[in-house]
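The values are calculated or read from the model by the stated rules, or taken from the named source; none is laboratory data. All of these numbers come straight from a predicted model, not from anything done at the bench. Cβ placement follows ideal geometry from the backbone for every residue including glycine, while neighbour counts extend to all protein chains displayed. Accessible surface is based on the protein model in full, side chains and every heavy atom, while ligands, DNA and RNA are left aside. Shrake-Rupley method; radii C 1.70, N 1.55, O 1.52, S 1.80 Å.
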Amino acid sequence: MIITSLLQVKHRDHTGLHMRELTMSVKSLDVIVEGRRSQPQQLIEVLQDVQDLCGYIPRESMITVSKELGVPLIEVYRVASFYKAFSLVPSGKHVITVCLGTACHVRGARRMVDQVAGQLGVSPGGTTSDGLFTVECVNCLGACALGPVVVLDGVYYDKMTPRKLSRLIDSVRAADSEGRANA
Amino acid sequence: MQNYVTLTIDGAPVRASRADSVLDVAIEYGICIPHLCHVPTISDLGACRLCIVEHVQNGRSKVTTSCTLRVQEDMVIRTNTDKIRKLRRNIAELLVAEAPNSRAVQDIALRCGVKQVRYPFRNKTCTLCGRCVRLCAELWGARAIGFVGRGKDRRVDFPFGVRPDFCKECNSCIDLCPMTITPCDGPMKTGEERLCGKCEGQLLMNENFPDFCVWCALGEGFGCARHA
Ligand code: SF4
Ligand code: SF4
Ligand code: FES
Ligand code: FES
């Protein structure tokens, strides 16, 4: 399958995924569209599954989805580029989400953003050049009493301070390099 | 089922075919409703908001876009109340601030009575009217371009930003684009944008005949459906 090889080439330089997972993910793309072929109304669900699987929506997957569901390519691209839940570029291995909602903001969430930006050298929406971290901002996570809230890979950290955040980032980094040394 | 309905536009009873939009009918009867994104023969999107009218129902009036409003029996429409003209002038003002580098947009601003622009000029290259997108999809079935992104990043683009091989390179998208008609004095540079306002006679026309289609020369510029 042409798409298989394309995906592999595309992913090889991307630190987040390894070769074995890749072949799996291509298979799973088949699994995702299976049973939903020629059903344009399933577009968003399919894209959500692709996002979950790859962490972003690869170009090639959009082409496949367009063909399989019978949705014009521009329509797939329009939807994928419209919703914030979809990302068109690979995100880092770890995702740091800083809440900038009103409650967190008044408790100094801006300082968290500055801390992350200073420590990792990326502004919100960006990914570090080593592909380890992606930084995002949201407007309220519904946990205002615990603010400022920072989420790392789905885990909520409450009452954050720049110092705590800095240690958190360091610990993730340390764990990652350890993991790589053992691999 | 009857194929014709009778409705009232600006106090005049008019007969129209059931499938028509209020804008179609008004243009046909010589009532001027400025519009930008409406193009005859392709579907209406309601993108530019210029064609707003008041739809009076049970003593209440609702402001809505006439290009997407189907005619109904006994409908009462007002196209040139003070309220509408004020709203429309503001929409046109925003439009010309967003994309001053188009004679079409400048013309519309004039016809809507814009005398000064209170918003910062952005000098965008697209008004997001969606003429090109609908034309490509509906006339050619190519679907080579579409809206991408959201909010202030919304734009017209090819899939992934590259011209796909199914684009017929017919250039009809460009033919219909209001941004391809440059202002009479040539393109304005960033920082030098202004309200053109050279066709002052047209501004007078707007004051004296706000609700009549006067076959204004401006109409040609913005591809008014009357001239199409
Ligand atoms: S050139 Fe023709 S086919 Fe290509 S985007 Fe424009 S209208 Fe569509
Ligand atoms: S490119 Fe031109 S026709 Fe297309 S949406 Fe923008 S202004 Fe309208
Ligand atoms: S404002 Fe941050 S959780 Fe509500
Ligand atoms: S919104 Fe009706 S013509 Fe643009």
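Things to note:
- Inter-probe distance in nm under a simple model that places probes 7 Å from Cα toward Cβ, at residue A:31 and residue B:209: 7.0 nm
- Solvent exposure of the range A:77-165 amounts to 50 Å² per residue of accessible area, where only protein heavy atoms count and the probe is 1.4 Å.
- Per-residue ellipticity at 222 nm from helix content only, as computed over chain A with -39500 (n - 2.57) for each DSSP H run of at least four residues, stands at -16500 deg cm²/dmol.
- Mean partner shielding of peptide B:155-163, defined as the number of other chain Cβ atoms within 10 Å of each residue Cβ, is 3.
- Cα gyration tensor shape of chain A, rounded if a/c is under 1.5, else prolate or oblate by comparing a/b with b/c: oblate
- Options B:79, A:41, A:126, ranked by Cα towards positive dipole end of the protein assembly as shown, top entry (Cβ charges): A:126
- Average partner coverage of A:65-76, which counts Cβ from other chains inside 10 Å: 3
- Highest average packing first - A:32-43, B:37-48, Cβ atoms within 10 Å: B:37-48, A:32-43
- The slack in the chain from residue B:166 to residue B:12, taken as 0.36 nm per residue of separation less the alpha-carbon distance, amounts to 50.6 nm.
- Applying the Karplus relation 6.51 cos²θ - 1.76 cosθ + 1.60 with θ = phi - 60° to the range B:133-138 yields 3J(HN,Hα) values of 5, 5, 5, 4, 6, 8 Hz, where x marks Gly and Pro.
- Here the calculated FRET efficiency for residue A:130 and residue A:163, from their Cβ-Cβ distance with R0 = 41 Å, stands at 0.95, rounded to the nearest 0.05.
- Note on the protein assembly as shown: with charges restricted to the Cβ of Lys and Arg (+1) and Asp and Glu (-1), its dipole about the Cα centre is near 900 debye.
- The smallest convex shape that holds all Cα atoms of the protein assembly as shown, its convex hull, gives 204 Å³ per residue.
- Springs between Cα atoms under 10 Å define the GNM used for chain A, and in it the highest mean-square fluctuation of A:159, A:84, A:67 occurs at A:84.
- Cysteines without a disulfide-compatible neighbour (Cβ-Cβ under 4.7 Å), chain A: A:54, A:137, A:140, A:144
- Radius of gyration, Dmax [chain B; alpha carbons; angstrom]: 18.0, 58
- Per-residue average of Cβ from other chains inside 10 Å of B:140-151: 4
- Evaluated over the Cα positions of the range B:131-175, the convex hull gives a direction-averaged projected area, one quarter of its surface, of 3.2 nm².
- Residues within the reach of a label modelled at residue B:182 (point 7 angstrom out along Cα to beta-carbon, backbone nitrogen below 13 Å), restricted to the range B:77-115, are B:101-103.
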